[in-house]
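In what follows, a single structure is set out as structure tokens and then discussed.
The values are calculated or read from the model by the stated rules, or taken from the named source; none is laboratory data. Note that the structure is a prediction, hence the values are computed from the model and not measured. Using ideal geometry, Cβ is built from the backbone for each residue, glycine included, and neighbour counts are taken over all protein chains shown.
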Amino acid sequence: MKLTKREIIMLTFLIIIALFFVEYRLILSPGLARLTELSEKEASLENEYQTIYFNLATAKNLEKTIEENLAAIDGLSEPFLNGVAPDALLVFTHEMMLKHGFSPQSYSPMPNASELLQPTQVEIGDLSYRLKEIAVAYRLLKEKTPAEPDEDDAEPSKGDANDDIVEVHTIQINAVAGYEQIRALIDDFHSLGRHITITNMSMSPAQQDEETGENLLSVAFAINYYGIEKLVEGQDPLNTWMRKALVSTTENPFISPPEPETEPTETLEDETEPETA
């Protein structure tokens, strides 16, 4: 059967339409869907990239701020003692008294107590109360995971709220010394550059030094040592026990002493030589 020219044209047109629908169905439609999916992923990745870039910039700014805060904390907390050790501070106080020629009569260490910050110490307080918070943020930025607390310690105890307060240890002192010795002691404490104050000082005539003729004073005062829990742990020189341990001379009663070894004694006989006539 021979097709006419018009039928051939119509058949060709139908074949082209069929090929177009087949191509759209099998190629164009999946391609467009894939293109849309890739475009959405590209937009998502672009947003994620912008978020990461913003987070990195924020982290860098936070790290700079934390470094500045740590430097400020280190500078502001330097005059404070790294905690207070009453026994070591008592020994240090006694050494200072002997250094300046005092004759101590009595020491009365007071229990450790917390003290409200003075207006000049507000800036120090604002930073010292954030020591732990800044330390945790600093460790997270440095990719250091702090130790996870146990289940029993998951909730902070009531005592944790008082870890960063300013602690003060006071020693009441009664002694006999000259006026110049008292001034030298105060100047020596001031030259340490630490938060140590001498308060409640009272003086009264005591006696006259027989050697120098100086009028000695009976002086009573209080020495206050201020300490905080510092961010950087370390031994404070003032809290270091400076006296050597005493050598024990008491024998252990549960250990029997070794028996002394007896060496055999040799008797020496005097040899007499015969007399020659």
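Can you find even one residue in the stretch 153-169 that is at pLDDT below 90, under 20 Å from Leu98 (Cβ atoms) and assigned to a strand (DSSP E or B)? No: the stretch 153-169 contains no residue that is at pLDDT below 90, under 20 Å from Leu98 (Cβ atoms) and assigned to a strand (DSSP E or B).
With the structure loaded, tell me whether Thr93 is outside the structural domain of Asn200 (by TED's automatic domain parsing), modelled with pLDDT of 80 or more and part of a helix (DSSP H, G or I) or whether it fails that test. Here the answer is no, as Thr93 does not meet what is asked. Of all the numbered requirements in (1) farther than 20 Å from Phe92 by Cβ; (2) modelled with pLDDT of 90 or more; (3) surrounded by 16 or more Cβ atoms within 10 Å (Cβ to Cβ), Leu216 misses one, and that requirement is (2). Here is the figure for the stretch 93-107: residues that are crowded, with 16+ Cβ neighbours inside 10 Å, more than 12 Å from Ile171 (Cα to Cα) and in contact with a Pro (Cβ under 9 Å, 6 or more places away or on another chain) total 1. Inspect all residues belonging to the stretch 72-88 and state whether any of them is of a type in the set (A, V, I, L, M), over 19 Å from the mean Cα position of the chain (by Cα) and assigned to a helix (DSSP H, G or I). For the stretch 72-88, residues of a type in the set (A, V, I, L, M), over 19 Å from the mean Cα position of the chain (by Cα) and assigned to a helix (DSSP H, G or I): present.
Which is of a type in the set (A, V, I, L, M), under 30 Å from His169 (Cβ atoms), in contact with a strand residue (DSSP E or B) (Cβ under 8 Å, 6 or more places away or on another chain) and touching a residue at least 40 places away in the same chain (Cβ under 8 Å), of Leu76, Leu70, Leu90?
Numbers: Leu76 fails: in contact with a strand residue (DSSP E or B) (Cβ under 8 Å, 6 or more places away or on another chain); Leu70 fails: in contact with a strand residue (DSSP E or B) (Cβ under 8 Å, 6 or more places away or on another chain).
From the options Leu76, Leu70, Leu90, the qualifying one is Leu90.
When the residues of the stretch 24-80 are filtered to those that are under 30 Å from His195 (Cα atoms) and hydrophobic (A, V, I, L, M, F, W, C), the one that is surrounded by the fewest Cβ atoms within 10 Å (Cβ to Cβ) is Ala71.
Check the stretch 50-59 and report whether any residue there is closer than 30 Å to Asn112 by Cβ and of a type in the set (Gly, Ala, Ser). Talk me through it step by step, then tell me what you get.
As a first pass, look at the stretch 50-59 and keep what is closer than 30 Å to Asn112 by Cβ: none.
Among the residues of the stretch 50-59, not one is closer than 30 Å to Asn112 by Cβ and of a type in the set (Gly, Ala, Ser), which makes the answer no.
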